[in-house]
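The values are calculated or read from the model by the stated rules, or taken from the named source; none is laboratory data. Model, not experiment: these values are computed from the prediction. Cβ coordinates were reconstructed from backbone atoms using ideal geometry, including for glycine residues, and neighbour counts include every protein chain displayed. Quick note on the areas: whole protein, heavy atoms, side chains included, nothing else; ligands and nucleic acids left out. Shrake-Rupley method; radii C 1.70, N 1.55, O 1.52, S 1.80 Å.
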Amino acid sequence: MNLKSMPLFFLDLQTTGTKPESGAHILEMAWAGQEGEIENFLIQLPDEKKIPYRIQMITGIFQEDMEAAIPLEVAFTRIEERFKSLPCVIHFAQFEKPFLADAFQQLQKENDLNILCTHEIAKRLLPNLPSRGIKGLAGYFGFPSQDLKRSAMQVEATRTIWKGLIEALANQGIKTYDQLLAWMQATPKVARTKYEYPLSKEKRLSLPDEPGVYRMVSKWNEILYVGKATSLKDRVNSYFRGQKNRDPRKLEMLTQVYDLHVTVVGSPLEAALLETDEIKRLDPRYNISLKTGHRGIVFFNREMTDLSFEQNDEFCVGPFSSAMVFDSIRNLSQCLIAGQFHDNIFFEPIDAALVKEGYELFCFRNNFAEDTFKSVRNSLALGIWWNRNYVLENEIASDEGPTEATESSESNETCVENETEEMEALTAEDIADKFERHIMRAGRSYMRAKELTRMLNSDIDFKIIEGDSEKNYKLKVRKGLISNDENSERVKKIQLWNGLDIDTYDRMSVLLMELTKIQNHKGSVKIQVL
C-alpha cells in the first residue's frame, strides 16, 4: 500500500513523568488521521492525583483544566472505534510505548498497536541532521516554529514530519508500507559522522567581513533568530564549526535554517543597536535576551519607598527594568525601623540572628552607626560613592564631567543572588560581604539609570581602535532613538521617560554597554548632553 495514501493515524501523549514504573501517568492524548481534525483530550489521573507543578509549567496543563478530563478507557475506546488495526505513527515512540503498554494492561486490553516511529526513520534516512527532535525535524520539513507543549500540536508536527519523510523515502525508491518495513529491518542506525545543515555552505562563506546584523530564516521565511556581529562572516560561520559538546537548542535551530538575511552597518555599536530593535520587531523564537515579553520599566519616589510604572513628579527615580532592584536595601531599612531583623532580607533563608550579627560587623568595619541605613537613600548614597571610587576605569568623558558607566545587564538589577555556599557554612563575615555587595549593586543600578537618561538626547563621538588603525564615529540620539536628522526633536527635560518603554530602555542599555566596551578597549567616548 502506498505510503502517501495508506490509512494510518498519528498519536501523541503528555504524561506526568518520564516512566510509568516511577508512578507517572498519561495526562493528555491527541490523535488524527493523515488529514482532517485532531482530537485532543485530557485524561483523568487515578486516585485524584494532582499534576506536579513542574509538569504544569512544561505542558501548560494546569490543575483546574482537569475538570474537562475524560477516563482513560473512554479515550482508548474512541481510538479503537476510529482507527482499529491501522498503523500508528508517533515521533520518538520509545517514550510513548511504556505508557501505552501500561494503559493496555490497566484496561485489560490486548496491545495490538502497530507503531511506526518517525524518529527511528529519520535516524536512518537523515543520519547527519543536527537535530532529530520533534521541533528541529518538523522545522526542517517546513512546520512553523512554535512551542509544542500540547499533544495536539505535537500530532500536527508529526504529520508534517511524516509527509517530509515519505517524500524523501520515495526519492530512494521506498514508496509502500512493506518496502518501508523491509528497509527499516535492513538499514541499521548509522552513527552521525558530520553535521549536515540545510543552509548552503556557499551562502554563509560568501558573507561580508563587516559589522552587521544577521537573521536566520526558516524554510517558510520565518525569522528564527537575530544576532549582531563585528564580522558577519566570522560570526555566522562560528555556528557551524565543531561536532562535540554542541548546544542542543542551537542545533535544533540550525536544523531549520535555510536562508540568511543580513544588514551591513558601519560599526559594531550600530549592529548592537539594530539588533535590539530587530528582536523587538520580529520576536524571533530562538532569541531569549532583549525580547519585550511582559517586561516593563519602573520608577521610584525619592524616598525609595514606593514605585510606579509611569514617571511623574513624585516617581522620578529611574528607569529600572526590575521592581526588585532595591528590595534588599529597602528590606534592611524596614528591619532597622522595626527594630527586628528577619530571615529573608536577601530572598534566601538566613537565620535572622546571623543577619543581625553580619550587619553589625558590616557597620563596625566601615565605621557606620547602626541606624545610618534606616534611610534607603543613605544606602544608595554609599553605593554611589563606592562605585565612583572603585569603578573609575569605566568612566566615560562628557562635557558635564566624568561619569561612570558599567556593563550591568538587567540581571544585575535583581536582588536575588545565586549563592553557592551551603547555608550552614555562612558566617557573619559572609553576611557583611553581602550587605556591601547589595549596597554597591544598588548604587551601580542608580547610576546606570542616570546614564541611560542622559543619553536620551545626546550627541556621541566615539573612537574605535583596531590594531594600528583608528576610526571616528558620530551618533545622534533623540528621544531614545538613533537619528540622522539635524533638526530632530529632543525629549523635554521634565519627565524624560514619559511615553517611552522597555524598547527604549533596552536600546539605551545596549548603547551604554557598547560604549563601555569601546572605552575598555582603549577607544574613547564623549557624550554631549542636549
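Surface composition of the stretch 1-147: carbon plus sulfur atoms hold 48% of the accessible area, using a 1.4 angstrom probe and ignoring ligands, DNA and RNA.
Helix content alone sets the calculated 222 nm mean residue ellipticity of the chain: runs of n ≥ 4 DSSP H residues at -39500 (n - 2.57) each, divided across all residues, give -12000 deg cm²/dmol. Per residue, the stretch 262-316 exposes 50 Å² of solvent-accessible protein surface, assessed with a 1.4 angstrom probe and all protein chains in place. Of the listed residues TYR214, TYR225, the order by accessible area with a 1.4 Å probe, largest first, is TYR225, TYR214. Distance check, please: which entries in LYS233/LYS526; LYS463/LYS526; LYS50/LYS84 exceed 21 angstrom between their Cα atoms? Long pairs (Cα-Cα over 21 Å): LYS233/LYS526; LYS50/LYS84.
In the context of the full protein assembly, TRP386 retains an accessible surface of approximately 20 Å², using a probe radius of 1.4 Å and ignoring ligands and nucleic acids. Taking all protein chains together and rolling a 1.4 Å probe, MET440 ends up with roughly 40 Å² accessible. P(r) tail, the stretch 87-244: Cα-Cα pairs separated by more than 20 Å, 61% of all pairs. Across the chain, the mean sequence separation of Cα contacts (distance under 8 Å, 6 or more residues apart), normalised by length, yields a relative contact order of 11 percent.
Ligands, DNA and RNA excluded, the heavy atoms of LYS450 present near 110 Å² of accessible surface to a 1.4 Å solvent probe.
For the pairs LYS123/LYS163; LYS123/LYS250; LYS228/LYS517; LYS49/LYS109; LYS228/LYS250; LYS163/LYS250, note any where the Cα-Cα span goes beyond 21 Å. Cα-Cα > 21 Å for LYS49/LYS109; LYS163/LYS250; rest within. Qualifying GluC sites (Glu not before Pro) in the stretch 63-145, where qualification requires a DSSP coil assignment and no more than 16 other C-beta atoms within 10 Å, comprise GLU110.
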